[in-house]
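Read through the structure below, which is laid out as structure tokens, and then see the notes.
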Amino acid sequence: MKRLFRGGTVVGPEGTKKTDILVKGEKILAMGENLDFPDAEVIHVEGKLLFPGFIDAHTHMDLEVSGTVTADGFDTGTKAELSGGTTCIVDFATQNRGESLEYALARWHEKADGRSSCDYAFHLAMSDWNERISEELARVTAAGIHSFKLYMTYDAMVVDDRTIYEILARLKEIGGIAGVHCENKGIIDARVAEVMKEKGHREDVSDYPGTRPPVTEAEAVGRLLKIARCVDTPVIVVHLSSREGLMEVRRARETGQTVYVETCPQYLVMDESRYCLPDNEGRNYMIAPPLRSKKDQEVLWQALREGEIQTVCTDHCSFTTDQKKMGEKDFSLVPCGMPGAEERPALMYHYGVGQGRLTLEQMCRYLAYHPAKLYHLYPKKGTLEPGSDADIVVWNPETEWMLSAETQMADTDYCPLEGTVLRGRAEQVYLRGELAADNGEIIKEYGGRYVIAQELTDIR
């Protein structure tokens, strides 16, 4: 079957152009002005923007963590992503201590295969390291996993400096790259203990951000980058939240290091005042790193404007309010994470493009093109060009809609930005040439496929 998208403005990483797109089956067949194919179904998209399907390269679906499991599995989580315009996610398949990497991957395939409504790929989050796993890394990479996750905090996942060094050195040998959660565990643990010593309890969520101040992120970012410099290999700093953390990245880049940076919409549109909401409602906003100050928001927006940040992903890690109440008497027991899959593109359009902070081309880069390049999905994903998957987001820049727990696809009973009215929305979302979502409603369920990484590409 052929579909002809006529009259729309195609958004790419370097420019926009009014261009028709001809799709045959699952692929883009041709692009040009005033295309005419008599046997094609014509889809009139005059006045609309055509983006490549967005990629969310930081999600935690069906993750066992903090004594519970995330509210969204691949079923509901990928529907939320698809409804907002995301056609591919890269989820963290997590290796628990004592497990092999191949076992972790097999488990994540069991969770995702047949249950996903958008396409998906995997990173591997590593918690265990020994000679056997070092050998296994080569097999995993040869099978198409090129990106890995390391944690510098969390009891169950933390790896020490020697392990970071050895893993980075091994990844350099086999052509992989690591994204790293950067926070100083020692300072966090000490500050959490101080709250109990000073107050006799840890009930007040307002104390939470003080246990993970920006310096804990900055110290860990700086330490990671010094280790990476010793290895002489690129790394990715995930969910960067603070000015202080960004300063460490800038210092490393001044010495010639290659450092990729990801941030998330929550750090751009919400701030630490949420932790002071009445009745400890701030539990719903407990994420790690925490929400920061409005000044940090301004610095991150400026970094996006200047191209210092490469990707904007969600860190979608959702819990219900009941799950959040696991820490009702002790905020250190609250499972950290928030939903965000559905609204990411609209938030970046409304607060970024709509308010003059970003160009359309930058939105395309941060949500589609760069993650495709960085995570080996390009040119299959992340671009609109002949031969690529026909993942097409028909974006209506005039649509106004409201974020609400009542209407969201995520399987949580609260919406972090409840009542927020946004301008601009994915009107239609095509996954490999088929209409999969229409104005937020899922038209085609469970059509997602596992995407095998392509050969290494340069992000520039």
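Worth a mention:
- Here GLY12 meets each of (1) at negative phi; (2) crowded, with 22+ Cβ neighbours inside 10 Å with one exception, condition (2).
- Subset of the stretch 3-42 [under 14 Å from GLU385 (Cβ atoms) and part of a loop (DSSP other than H, G, I, E, B)]: GLY12, PRO13, GLU14, GLY15, THR19
- Meets criteria (in a helix (DSSP H, G or I) and either among the aromatic types (Phe, Trp, Tyr) or touching a residue at least 12 places away in the same chain (Cβ under 8 Å) (or both)) for ALA288: no
Yes/no per residue for (1) out of contact with any strand residue (DSSP E or B) (no Cβ under 7 Å at 6 or more places or on another chain); (2) surrounded by 17 or more Cβ atoms within 10 Å (Cβ to Cβ):
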| site | (1), (2) |
| --- | --- |
| ILE28 | no, yes |
| LEU35 | no, yes |
| THR59 | no, yes |
| GLY67 | yes, no |
| GLY98 | yes, no |
| GLU102 | yes, no |
| ALA112 | no, yes |
| LEU124 | no, yes |
| LEU137 | yes, yes |
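- Enumerated helices (runs of 4 or more DSSP H) restricted to the stretch 198-281, each holding at least 1 residues that are without any contact (Cβ under 8 Å) to a residue 40 or more places away in the chain and farther than 24 Å from ASP160 by Cα: 243-254, 266-269
- Of all residues in the stretch 300-333, those satisfying the criterion of being surrounded by fewer than 23 Cβ atoms within 10 Å (Cβ to Cβ), over 26 Å from VAL90 (Cβ atoms) and not charged (D, E, K, R) are GLN302, THR321, MET326, GLY327, SER332, LEU333.
- Scan the stretch 126-135 for residues that are in contact (Cβ under 8 Å) with a residue 24 or more places away in the chain and surrounded by fewer than 12 Cβ atoms within 10 Å (Cβ to Cβ) and the total you get is 1.
No value in this document is a laboratory result; all are computed from the given coordinates. Keep in mind it's a predicted model, so treat the numbers as computed, not measured. Quick reminder, even Gly has a Cβ in these numbers, built from the backbone with ideal geometry, and neighbours come from all protein chains shown.
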